[in-house]
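Quick notes on the structure that follows.
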Amino acid sequence: MKRMRTIKGALAEIKQEDPYTCITEHFLRQLIWQGKLQPCKAGNKNLIDMDALMDLLENHTASEVSLPSVEPEKSTPILTAKPMYLQVQNQPTRRVRPVLDYSR
């Protein structure tokens, strides 16, 4: 018979083996969402086969993570719209008052 556990139960069993593990409930849920771990639905609960989970964790390598390849694009100038107050043309230049120094 397979050892089926809920996500919280699976995490508790992993923590029992390794109290300092960094595996979280969120990580286990992500494995299910990504299709790397097949759960068995029992009502609203996802039951996980512990043997399949342990096998996945033991054989999980960083090489499985595939990043999309990004090729450098041609540099194109970024066109941004100017705010309305900067779009006014033929605006008279402002006269700046001289600062008076009264510290004599």
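None of the figures in this text is laboratory data; all of them are computed from the coordinates on show. These figures come from a predicted structure and were not determined experimentally. Neighbour counts are summed over all protein chains in view; Cβ atoms, including those assigned to glycine, are modelled from backbone coordinates with ideal geometry.
Listed values, structure above:
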| item | result |
| --- | --- |
| Scattering curve values for the range 4-58, log₁₀ I(q)/I(0), Debye with Cα scatterers, q = 0.21, 0.29 Å⁻¹ | -0.73, -1.38 |
| Distant-in-sequence amide H partners of Asn46 (H built 1.01 Å from N, under 5 Å) | Ile7 |
| Charge sum, other residues only, whose C-beta stays under 14 Å from Ile23's C-beta, Lys/Arg counted +1 and Asp/Glu -1 | 0 |
| Separation in nanometres of the label points that stand 7 Å from Cα toward Cβ, at Tyr102 and Thr24 | 6.1 |
| Listed residue (Ala12, Leu53, Gln30) projecting farthest to the positive dipole end of the range 4-58, Cβ model | Gln30 |
